[in-house]
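Remarks on the structure that follows.
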Amino acid sequence: MIKKILFILMTSFFLSSAYANDSKDAHVAPSFSLRSTKGKLISLEDYKGKVVLLNFWASWCAPCITELPHMQKIYESLKSENFIVLGINIDEARHASGIKPLAKKLNLEFPILFNNTGSVLSLYNPSMTIPYSVIIDKNGNIYAYFIGYHHGLENEIKKAVEEAIDKDKGWLCAARWSC
């Protein structure tokens, strides 16, 4: 019996890469302020009233680099919908000089923020796994999160962002995500 329970728990853990928040059990997104590649201090509160996609990544993380162009496509397709992507780089400070050229090479237009201590990542993801994406609704609550990257996950992320946008417009969400 215990083996069956463990098997079910382990299977569900490995098969799930996303979490959708039930509005009855809303979790307020932790506040933070970080410097961007342009030197500007950016705060999560700057985007109050918008759906925000936080994407935690590092230059040494191959799945992160594969995922970033997909984040750009999501940003391009939805930026007119009161939506923003914030790319949060967790490289050590000594590697910071390479982040801006990498963002340019990947044609990233959304803000890239430096979190070389990992302090903001640890607020959202204590296991410090990357890539790691968090969708925050217009009310500042965590709507969904995604751990890791695999081909096709970008479609799930985009769908969740669209549903968070639609939810805040007062439309019905698809049954997969809680509203």
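Read-outs: derived from the displayed coordinates by stated rules, not from any lab. Remember, predicted model here, so these are calculated numbers, not experimental data. In this analysis, Cβ positions are derived from the backbone assuming ideal geometry, glycine residues included, and neighbour counts consider all displayed protein chains.
Of all residues being touching a helix residue (DSSP H, G or I) at 6+ places or on another chain (Cβ under 8 Å) and among the polar types (S, T, N, Q) in the stretch 78-92, which is nearest to L102 (Cα to Cα)? Just the residue, please.
N89
Say whether the condition of being at negative phi, in contact (Cβ under 8 Å) with a residue 12 or more places away in the chain, assigned to a helix (DSSP H, G or I) and not acidic (D, E) is met by at least one residue in the stretch 128-146.
Within the stretch 128-146, none of the residues are at negative phi, in contact (Cβ under 8 Å) with a residue 12 or more places away in the chain, assigned to a helix (DSSP H, G or I) and not acidic (D, E).
Enumerate the pairs (first residue in the stretch 55-77 and under 20 Å from T129 (Cβ atoms); second residue anywhere and among the acidic types (D, E) and assigned to a loop (DSSP other than H, G, I, E, B)) with beta-carbon separation below 7 Å, excluding pairs fewer than 6 apart on the same chain, so at least 6 apart or on different chains.
From residues that are under 20 Å from T129 (Cβ atoms), the pairs are A58/D91; S59/D91.
Please specify each residue of the stretch 36-51 satisfying the condition of being aliphatic (A, V, I, L, M), in contact (Cβ under 8 Å) with a residue 12 or more places away in the chain and closer than 23 Å to K104 by Cβ.
I42
Given the conditions (1) loosely packed, with under 14 Cβ neighbours inside 10 Å; (2) polar (S, T, N, Q); (3) part of a loop (DSSP other than H, G, I, E, B), report the number of the one that S59 does not fulfil.
Result: S59 passes all but (1).
I'm checking my understanding of the structure. Among residues of the stretch 124-145 that are within 12 Å of V52 (Cα to Cα) and under 11 Å from the mean Cα position of the chain (by Cα), which one is surrounded by the fewest Cβ atoms within 10 Å (Cβ to Cβ)?
I142
Could you list, in sequence order, the residues of the stretch 94-117 that are under 18 Å from S43 (Cα atoms) and of a type in the set (A, V, I, L, M)?
I112, L113
Check whether at least one residue in the stretch 146-158 is buried (at least 19 other Cβ atoms within 10 Å of the Cβ) and closer than 20 Å to S31 by Cα, and report yes or no.
Scanning the stretch 146-158 turns up at least one residue that is buried (at least 19 other Cβ atoms within 10 Å of the Cβ) and closer than 20 Å to S31 by Cα.
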